Amino acid sequence: MEHSLEDSSPKDLLSNLSRNDVFLVTNYNILQTHLNHGWFYGLVLVVTCIFSLRYYGLHSRKQLSQLPGPKGLPFLGNALQIPLVRPWLKFMEWASIHGNVYSLTALGMKIVIVNSCEDALELMHKRSAIYSDRPRMEVIRKHGGWSFAVSTEPYGPNFHLKRRMINQFFNPTATHKTYHTLSRNALAFARSALDQPMKIQSYNRRYSGANIMKLAYGHEVVEDDDQWIVNADKAVHELESVGAAGIHPIDIWPILSKLPLQIWGKKFVRNMAATKEATREATTKPYDVVKRDFLNGTAIPSMATSLIEANLKPDGRVEHEEAINGSLAMTYLAGADTTVASIDTFIIAMIHHPEIQLEAQKTIDELLQGERLPTFEDRASLPYVEAILREVEYRWKPVLPGGVPHCVIQDDEYRGMSIASGSMIFPNLIGMMYDSTDFLDPLRFSPRRFLKSEGNRYSLREDVRNPEQIAFGFGRRICPGRHFATAWMWITIATFLAVFEISPCLDDKGEAILPDLEYEPGLVSHPKKYKCHLRPRSQAAAMVLHTS
Ligand code: HEM
């Protein structure tokens, strides 16, 4: 489902006004009418309005209650109760006690946890005019060199500029134009994986990265250890070593950043320097290469060349260069790791659930008769594959289980409770994906939950929430790469299902080595290293794979 809140109508904005705002608008109209009848009445009305507004404000504030939440310690709040590893699991546990919207505090910072999709859409989608800021990320922006990233950008003109740059190349129409590249890479990925299934994880990384490098910089990735990909992965790795963004004391009290960094310890200083350097390698270096080639007339057309051309001034300067450079880098840094994680999850799910794999293959065979590989035109005719996409890629093992925090920029009221301006809002995506009001029996892996069947024909149920509505975030911060990511995942899933029997490797005793279902604890949820066995489903499948 689309949430293009970047173009909210005035009606939407009006509905976002709080009761106080509506009261103020109404009184202002009355005041204007009365002023036409004489200054005295006007004055009386002004005084009355001021008093009534103040009274109303105080009175309504008194009526609002505090959000529930676990009791914390003085000053520290809940800081010591929030686990540093997989905090989203604790957030789910607290939701079962305090409800789906509750608050925490940490060192004076207010945090609101949102654990249900309905509440997240109500707050972060419908009220996105005020819920689209990010928490201050002073540490990684100022000291780690990540100010280029739109994901760390406060809600304001730079955010809009960068979003516009990215949206131009990742909206549905633009994504459509990448289908040819995506189909070609899905095929190349399948052929490489068949040759060396042991290297499936590194091929996944290579081909998922190749799509974005080609689109962003026109850069062809031809080997596993492509330097641009290695540099970008290093930048993400260094960032993760800094820890969760937005919760360092410097983020909470920016005045602390005026103190020498050394007070936070040698390791912190080293991490910051390494992060900054890795970031420079991953952003400015590729941009400079493409800019040089563009000015020489030898660059391959790409997002980079289009943006440089559109912003080139007669004196040779490129306007908005920092934003262009940052937007290009961001597409890889936000888009590669996430799609890699979800494709790994698909392989793992198929190894664990051969019966689902077989059923999906049956529906593909019915449509294609083994004569060709699936194409994007087949998508609507393959509901079972769509259901696997929903269950595997979004719901079962969400790529960003804890979501990405937003920040609210004005005091708000929600269901009679107050949410203070500046609160950090955590959309706990895993809590939403495992919410039994939306997904019955949520612990069970079951693409069938999204399907109904008539005879032997499947179709998608419309009365079950599509988890894609949650997986990519909310409101004006919704992931701009969602159409592209979905297209890449779909074509990869459909291709692999059409040609391979995906099964576990066997140990010396002939026992299946099943991939571990406990994932790594990082912000982006990756599986541990796993092995799989791939075999063409038939001679015909092998032929199709090699001749397509
Ligand atoms: C499976 C793949 C992906 C998933 C699950 C995913 C998910 C998300 C989520 C949950 C957010 C946070 C949204 C929010 O704050 O409410 C986000 C932000 C973002 N994503 Fe993705 N994403 C994926 C792929 C991509 C791709 C391919 C791109 C390439 C353009 C991309 C670019 C971004 C950017 C630039 C942001 C920051 C947006 C902002 O702060 O305004 N993502 N993504």
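The values are calculated or read from the model by the stated rules, or taken from the named source; none is laboratory data. No experiment lies behind these values; they were computed from the predicted model shown. With ideal geometry, Cβ positions are generated from the backbone for all residues, glycine too; neighbour counts draw on all protein chains shown. For the accessible areas, the whole protein counts, side chains as well, though only heavy atoms, and no ligand, DNA or RNA atoms are used. Shrake-Rupley method; radii C 1.70, N 1.55, O 1.52, S 1.80 Å.
Segment 374-402 and segment 496-526 have their alpha-carbon centroids 18 Å apart.
With protein chains left intact and a 1.4 Å probe, residues in the chain average 48 Å² of accessible area per residue. Over the chain, DSSP H runs of length four or greater, each weighted -39,500 (n - 2.57), average out per residue to a 222 nm ellipticity of -15500 deg cm²/dmol. The solvent-accessible area of Thr173, taken with every protein chain present and a 1.4 Å probe, is close to 100 Å². Backbone geometry of segment 252-258 corresponds, through the Karplus equation with coefficients 6.51, -1.76 and 1.60 at θ = phi - 60°, to 3J(HN,Hα) couplings of 7, 10, x, 4, 5, 6, 6 Hz, x marking Gly and Pro. Counting only alpha carbon atoms, the long axis of helix 200-217 and the longest principal axis of the chain meet at about 60°.
Computed over segment 434-510, the convex hull of the alpha-carbon atoms projects to a mean area of 8.7 nm².
Determine the share of the chain's accessible area contributed by carbon and sulfur atoms, expressed in whole percent, with a 1.4 angstrom probe. Here it works out to 57 percent.
Computed extension length for Ala174-Leu80: 29.2 nm, one decimal, from 0.36 nm per residue of separation with the Cα-Cα distance subtracted.
Which value, in Å to one decimal place, does the Kirkwood hydrodynamic radius take for segment 5-547 when every pair of different Cα atoms is included?
Across segment 5-547, the inverse of the average 1/r is 25.7 Å.
Taking a straight line from the alpha carbon of Lys276, these lysines sit under 16 Å away, with near neighbours fewer than eight places off in the same chain left out: Lys142, Lys234, Lys266, Lys267, Lys285. Counting only alpha carbon atoms, the long axis of helix 179-195 and the longest principal axis of the chain meet at about 50°.
Derived scalar couplings between HN and Hα for segment 297-313 equal x, 10, 6, 7, x, 6, 4, 4, 5, 5, 5, 5, 4, 5, 10, 6, 9 Hz in order, rounded to whole Hz, by the Karplus curve 6.51 cos²θ - 1.76 cosθ + 1.60 (θ = phi - 60°), x for Gly and Pro.
Around the amide H of Gly422, modelled in the peptide plane, lie the amide H atoms of Val408, Ile409, Gln410, all under 5 Å away and 5 or more residues distant in sequence or on another chain.
Restricting the chymotrypsin sites (Phe, Trp or Tyr not before Pro) of segment 262-293 to loop positions (DSSP other than H, G, I, E, B) with no more than 10 neighbouring Cβ atoms within 10 Å leaves nothing. With R₀ fixed at 22 Å, the C-beta to C-beta distance from Arg317 to Asn167 puts the FRET efficiency at about 0.35. The alpha-carbon of Lys90 sits under 18 angstrom from the alpha-carbons of these aspartates and glutamates, leaving out residues fewer than 8 places away in its chain: Asp435, Glu518, Glu520. Each of Pro398, Ser453, His320 was scored by the projection of its Cα onto the charge dipole of the chain, and the greatest displacement toward the positive side belongs to His320; charges sit on the C-beta of Lys, Arg, Asp and Glu.
Exposure here means at most 14 other Cβ atoms within 10 Å; with GluC sites (Glu not before Pro) in a DSSP loop as sites, the longest stretch of the chain lacking them is 3-219. Cross-link pairs exceeding 18 Å in C-alpha to C-alpha distance, out of Lys199/Lys531; Lys509/Lys531; Lys214/Lys528, comprise Lys214/Lys528.
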